[in-house]
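Novice: Here's a structure for you.
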């Protein structure tokens, strides 16, 4: 089937199988391998991207459901010379060890901060990242990074 | 996943005719259960009919005494609403943030998962399930494990809830999946109190014995006086039937205590 999606601001028209998953389209058709597939059972959150302004697990979205949508992946938020404030905060706070969960953590955290009603505290961040697993168990620094980034994102 | 034909109709009529023409079709709403099921090859529909393109199915309307929640309304939207605070609180406890951004009320109740949250509210609140064919009372909707009153091809369009005087939901979540091991929704509607239980039985049910006790005395201590037969409760690696029976009492006490 034919789908058209806007990924990181670029319009893409693709012919994909009816049972294609958004995660696979991003990775295999568009080469955006920053979106990771960890558990492939909608639990770990490594595949989180933004679809029409909401953080979603792209391994549990059919490509057809994303037809017409605007998708932002980890590649779309910053680059090595100009990191997104959330990426900078992860680097600053040593919020990654192996790095596998990091793209999903960052995409979830950005959505969490953008939708926050006021200042997030540690509990809010831990609740908000419930759907993202870090198997290095480096949660403390991830939470620190998100708390630090919320101020940077507001002033950015 | 097995192969299937994907469709995204723009209207309910188109959806129904696609279903009628399919060998073995299935409707897709948020996909938070169906897509993992397809990925595990536990289902092999010939056609997946996505209801996500039918805009009229989404949104919350405040009608004064009732609210109508469109079947495709995402959990996150209900969680952010304020017409029935206990319902918003329940929606905010479903799964994780990403699940709440995709999962829908219609998909949740149509599935009648014994551990889903919404069914507790559907049976406890005075509610009506509106479909393409008819209106079904919330108390008649859940009929068993993954079984509802829906007929083949019938589509839920909205769920209408009467606003309670006050209500509360107390849940013991599975720490990994965040499904309800047990969840209890207590709703006070004038003088009457209704208690909905999810997670414990094959599907959500009313705990009428507790309702009778709460009518005499609305207090957490009334829970101890209410009979509860746990012999047919669910038993799995997460909790025995006996443990679920105890959790129903504890969650009921918490919900009632929060309203007193």
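The values are calculated or read from the model by the stated rules, or taken from the named source; none is laboratory data. As the structure is a prediction and not an experimental result, all values here were calculated from the model. Cβ sites come from the backbone with ideal geometry, for glycine too, and all protein chains shown count toward neighbours.
Novice: Within the range B:89-108, how many residues are within 13 Å of another protein chain (Cβ to nearest Cβ) and without any contact (Cβ under 8 Å) to a residue 60 or more places away in the chain?
Specialist: Going through the range B:89-108 one residue at a time, the tally reaches 5.
Novice: Would you point out which residue out of A:123, A:68, A:76 is out of contact with any helix residue (DSSP H, G or I) (no Cβ under 8 Å at 6 or more places or on another chain) and on the phi > 0 side of the Ramachandran plot?
Specialist: The conditions single out A:68.
Novice: For the range B:133-149, enumerate the residues that are surrounded by fewer than 20 Cβ atoms within 10 Å (Cβ to Cβ), in contact with a helix residue (DSSP H, G or I) (Cβ under 9 Å, 6 or more places away or on another chain) and touching a residue at least 60 places away in the same chain (Cβ under 8 Å).
Specialist: B:139
Novice: Moving on. Residues being within 14 Å of chain B (Cβ to nearest Cβ) and closer than 15 Å to residue A:90 by Cα: count how many of those fall in the range A:135-150.
Specialist: 1
Novice: Anything in the range B:172-191 that is part of a strand (DSSP E or B) and within 14 Å of chain A (Cβ to nearest Cβ)? List them, or say none.
Specialist: Passing the criteria: only B:173.
Novice: Condition first: out of contact with any helix residue (DSSP H, G or I) (no Cβ under 9 Å at 6 or more places or on another chain) and either closer than 16 Å to residue B:259 by Cα or not assigned by TED's automatic domain parsing to the domain that holds residue B:173 (or both). Now tell me which residues in the range B:197-214 satisfy that.
Specialist: Matches in the range B:197-214: B:211 only.
Novice: Taking into account only those residues within the range A:109-118 that are more than 11 Å from chain B (Cβ to nearest Cβ) and modelled with pLDDT of 95 or more, which is farthest from residue A:51 (Cα to Cα)?
Specialist: Out of the qualifying residues, it is A:113.
Novice: Sort out which residues of the range B:192-247 are in contact (Cβ under 8 Å) with a residue 40 or more places away in the chain and in a strand (DSSP E or B), and write them in order of number.
Specialist: B:194, B:195, B:196, B:197, B:198, B:205, B:206, listed by residue number.
Novice: Please give the strands (runs of 3 or more DSSP E) falling wholly within the range A:44-84 in which 1 or more residues are in contact (Cβ under 8 Å) with a residue 12 or more places away in the chain and closer than 15 Å to residue A:20 by Cα.
Specialist: It comes to A:54-57.
Novice: For the structure I just gave you, tell me whether residue A:83 is surrounded by 14 or more Cβ atoms within 10 Å (Cβ to Cβ) and within 14 Å of another protein chain (Cβ to nearest Cβ).
Specialist: Considered against the rule, which asks whether it is surrounded by 14 or more Cβ atoms within 10 Å (Cβ to Cβ) and within 14 Å of another protein chain (Cβ to nearest Cβ), residue A:83 comes out as no.
Novice: Identify, by number, the condition in (1) assigned by TED's automatic domain parsing to the domain that holds residue B:223; (2) out of contact with any helix residue (DSSP H, G or I) (no Cβ under 8 Å at 6 or more places or on another chain); (3) within 30 Å of residue B:242 (Cα to Cα) that residue B:184 doesn't meet.
Specialist: (2)
Novice: Hey, could you check the range B:10-24 for residues that are touching a residue at least 40 places away in the same chain (Cβ under 8 Å) and either within 25 Å of the chain's Cα centre (by Cα) or over 19 Å from residue A:3 (Cβ atoms) (or both) and say which is nearest to the other protein chains (Cβ to nearest Cβ)?
Specialist: The qualifying residue nearest to the other protein chains (Cβ to nearest Cβ) is B:15.
Novice: Quick check on this structure: which one of B:98, B:75, B:130 is over 21 Å from residue B:205 (Cβ atoms) and surrounded by fewer than 21 Cβ atoms within 10 Å (Cβ to Cβ)?
Specialist: Just one listed residue meets the conditions, B:130.
Novice: Looking at (1) touching a helix residue (DSSP H, G or I) at 6+ places or on another chain (Cβ under 8 Å); (2) under 20 Å from residue B:184 (Cα atoms); (3) away from chain A (no Cβ under 14 Å), which one does residue B:85 not meet, given that it meets all the others?
Specialist: Exception for residue B:85: condition (1).
Novice: If you don't mind, another one. Kindly indicate whether any position in the range B:33-55 is more than 14 Å from chain A (Cβ to nearest Cβ), assigned to a loop (DSSP other than H, G, I, E, B) and modelled with pLDDT of 95 or more.
Specialist: Looking through the range B:33-55, none of the residues is more than 14 Å from chain A (Cβ to nearest Cβ), assigned to a loop (DSSP other than H, G, I, E, B) and modelled with pLDDT of 95 or more.
One line per residue, one yes/no per condition, for (1) crowded, with 22+ Cβ neighbours inside 10 Å; (2) in a loop (DSSP other than H, G, I, E, B); (3) at pLDDT 95 or above; (4) within 14 Å of chain B (Cβ to nearest Cβ):
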position: A:12; (1), (2), (3), (4): no, no, yes, no
position: A:18; (1), (2), (3), (4): no, yes, yes, yes
position: A:23; (1), (2), (3), (4): yes, no, yes, yes
position: A:26; (1), (2), (3), (4): yes, no, yes, no
position: A:32; (1), (2), (3), (4): no, yes, yes, no
position: A:40; (1), (2), (3), (4): no, yes, no, yes
position: A:89; (1), (2), (3), (4): yes, no, yes, no
position: A:98; (1), (2), (3), (4): no, yes, yes, no
position: A:103; (1), (2), (3), (4): yes, no, yes, yes
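Novice: Something else: Taking the range A:52-68 only, how many residues are closer than 22 Å to residue B:49 by Cα, surrounded by fewer than 21 Cβ atoms within 10 Å (Cβ to Cβ) and more than 8 Å from every other protein chain (Cβ to nearest Cβ)?
Specialist: So the answer is 2.
Novice: Select from the range B:169-181 the residues that are surrounded by fewer than 22 Cβ atoms within 10 Å (Cβ to Cβ) and touching a helix residue (DSSP H, G or I) at 6+ places or on another chain (Cβ under 9 Å) and list them in ascending order.
Specialist: B:172, B:178
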